[in-house]
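Throughout, read-outs are computed from the coordinates displayed, never taken from laboratory work. Predicted, not measured: the structure shown is a model, and the values here were computed from it. As a convention, Cβ positions derive from the backbone with ideal geometry for all residues, glycine included, and neighbour counts pool all protein chains shown.
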Amino acid sequence: MKVLLVNAVPGRRQMPIFPLGLASLAAALDGHEVRVLDPAVLPRPLDEVERTARSFAPDVIGLSLRNIDPARSYDHFQYLRGCAQTLAAARAGAPRALTVVGGAGYSLFPEAVLEYLDTVDAGVAGEGEISLRRLLDHLDGPRGIPGLVLRGADGRWTLTGPPAEEDLDRLPLPDRDCVDLAPYRGATELQVGVESHRGCAVRCTYCSYPLISGCRIRLRSVDRVLEDVENLVRRGVTRFFFTDPSFNAVPDHVLAICEALAGSGLRVTWSAYFGERQVTAELVRACAGAGCVSFIFGPDSGSDPILERLRKGVTRRQIVEAYETVRREAPRASFKSAFLL
């Protein structure tokens, strides 16, 4: 089966981000003829979507919506409009193709997004490697497949249930050749992502991660993480970002990853989100020695009562101690903090 996976056009100029989700799907669809398109890095993105759909003539079009909005109080931009335009361009090029929408942004509001897009045939909510593969294998009877959003006989969208692969090592590593990597080799580590685990056990009141990857942490083995980094380095990418909600959620796993990176001889630099509560001098030194150049924190407040209401699982003292530890143990690295305003 021919499958075209398309990153939704954002609708405005912004830093290119390697489509990690689509690369993971492409690797999981072994046996199908898969093409991945990230029109955001092209000069005429919507024209390229229609042209590619017309020339490739896919049986299925998968559309990925990464964000709903910029998550900034002063920026009210909506990415749904660009997603709808991308869908229209793809349908114009391949009007008979089955259309499926997924992605992190979509997974937050699956039924509402489908109502907005209107002409989509199905959705994949949450992790898509297993669900999309099974959907393609059972197009005649998909209702027993977890992770799908399908239209019922009454016209309403219904979610079949959350999917989750318990052992991440059973999933293939992302296909790093699915798109040209050149547009993502920029001056920042944020443009290319690497996963060391999925899920987050912290129950912050406002956070979307539980809806995207669940509340239980599932680790990718150190060997597989290192293999993914090696795949990037062989392709000329030496800057990357650990996309985990909190990279150091399992400190022993982080120490093992850092030991493997430091011992590999790979000359890489990287950054990650860190949780303040698990920051130790040993961990900071290990990360800096393995190439970490930026420690990114999201305390959201410096007030203990507010932190408690947000269910952050951290205190003001722990936040201050984490920052002091980074400054002391990794003086050449930067650290950044995000606060809710």
Provide the gained length on full extension for the span Thr158 to His76, in nm with one decimal, where the gain is 0.36 nm per separating residue minus the Cα-Cα distance.
26.6 nm
37 °C / 0.692 mPa s Stokes-Einstein diffusion coefficient of the chain, Kirkwood radius on C-alpha pairs, µm²/s:
156
Would you order Tyr206, Tyr273 from fewest to most other beta-carbon atoms within 10 Å of each residue's own beta-carbon?
Tyr206, Tyr273
How high is the relative contact order of the chain? Use alpha-carbon pairs under 8 Å, at least six apart in sequence, and give a whole percent.
13
Calculated FRET efficiency, Leu42 and Asp118, Cβ-Cβ r, R0 30 Å, to nearest 0.05?
0.70
Against the 2.2 N^0.38 Å scaling, with N counting residues, where does region 89-178 land? I'd like the Cα-based Rg ratio to two decimal places.
1.12
Range of Cα positions in region 2-159 per principal axis (Å), largest first
42, 35, 26
Got a sec? Which residues in region 6-33 would a label at Arg235 touch, if it sits 7 Å along Cα→Cβ and we count backbone N under 11 Å?
18-20, 23-24, 27
Here the cysteines of the chain lacking a cysteine partner under 4.7 Å (Cβ to Cβ) are Cys83, Cys178, Cys200, Cys215, Cys258
Helix-only [θ] at 222 nm, the chain, -39500 (n - 2.57) per DSSP H run of 4+, per residue, nearest 500, equals -10000 deg cm²/dmol
When only Cα pairs under 8 Å and 6 or more residues apart are kept, what is the percent relative contact order across region 185-339?
23
DSSP beta bridge pairing in the chain, given as percent antiparallel to the nearest 5
20
